[in-house]
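See structure below.
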């Protein structure tokens, strides 16, 4: 009898443990509720060293942007209807002692860039996003395109908002951490994306689950960035090659699938090849970029 009781006890433990083991892996996807608002803050700090014709140029740059995503509806196809707004944009740049400050919340004083930034912050876009965070429909971008028209400096600084393809790619890449299947602690996967707005920059991201529970998932991130593309600036044709790495971590709310923090350290080695405007000879401009990108999301 005692032996039977022991066996029954063991079987009971195994049966009870099986559901726990089945739930130890989770399919990370967006699981949003109508009426929820997500406020995302993006801060990128960059240090740029550039050599040209024997001279060194140092650029220190900090960009801060705040966006809101308001979940307006859950559609019959299980996608999410979302209103998207840019709340504010700030850019500070120090280029060899020359300082540039742009702030959408400051006075424009006739500054066309600041005036355009203010206009951008008045635009509301409507997105249809699927559970993997990919943009399937976009409305309202024509207003944004009108603001960018005739302002090449703005296009160069914020090219990801200039047209439908660039904007959809920019939003979708924010959610490139979703795996194809259920994952648990220690699992790894790879995703890829290309940003047309940044000269078709290609990125390969490698993710690993550092920890996971029903509330929070932490991912380790290591990525490789490559770009080889012709560019044109002020009528001058060039070719840009870039290789880089990104390392850091992401914290995701397991319940709704939306990340809460993302910290990435980046290093990019770039080379611009062009004709010397004075001599016509081929010249190469090396550029090294070290940057830190931090994103935080608050659910309201």
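Hey, any idea what Rg/Rh is for the chain, computing Rh the Kirkwood way over Cα pairs?
1.08
If you count, for each residue, the other Cβ atoms within 10 Å and average over each peptide, how do 216-228, 137-149 line up from highest to lowest? Spell out each step's value before the answer.
Numbers: 216-228: 17.5, 137-149: 14.7.
Put in order of decreasing packing, that is 216-228, 137-149.
Given the -39500 (n - 2.57) contribution per DSSP H run of 4+ residues, what per-residue ellipticity at 222 nm results for the chain, rounded to the nearest 500 deg cm²/dmol?
Mean residue ellipticity, 222 nm, calculated: -5500 deg cm²/dmol.
Using the beta-carbon distance between residue 288 and residue 25 and R0 = 35 Å, what value does 1/(1 + (r/R0)^6) give for FRET efficiency, to the nearest 0.05?
0.30
Viscosity 1.002 mPa s, temperature 20 °C: Stokes-Einstein D of region 140-298 from its Kirkwood Cα radius, in µm² per second?
Reported coefficient: 120 µm²/s.
Pairing the Cα long axis of helix 2-22 with the longest principal axis of the chain, what angle in degrees results, from 0 to 90 and rounded to the nearest 10?
20 degrees
Give me the percent relative contact order of region 200-300, please, defined on Cα pairs under 8 angstrom at least 6 residues apart.
21 percent
What are the semi-axes of the equivalent ellipsoid for region 52-169, taken as the square roots of 5 times the Cα gyration tensor eigenvalues, largest first, in whole Å? The partial results should precede the final answer.
Numbers: eigenvalues 206, 51, 34 Å².
Each semi-axis is the square root of five times an eigenvalue, giving 32, 16, 13 Å.
How high is the relative contact order of the chain, given as a whole-number percent (alpha carbon pairs under 8 Å, six or more residues apart)?
Working: 679 pairs, mean separation 49.0, N = 300.
Relative contact order for the chain comes out at 16 percent.
Values quoted throughout were computed directly from the atomic coordinates according to the rules given, and no laboratory measurement underlies them. For clarity, every value in this text was computed on a predicted model and none was experimentally measured. Cβ: placed from backbone, ideal geometry, glycine included. Neighbour counts: every protein chain shown.
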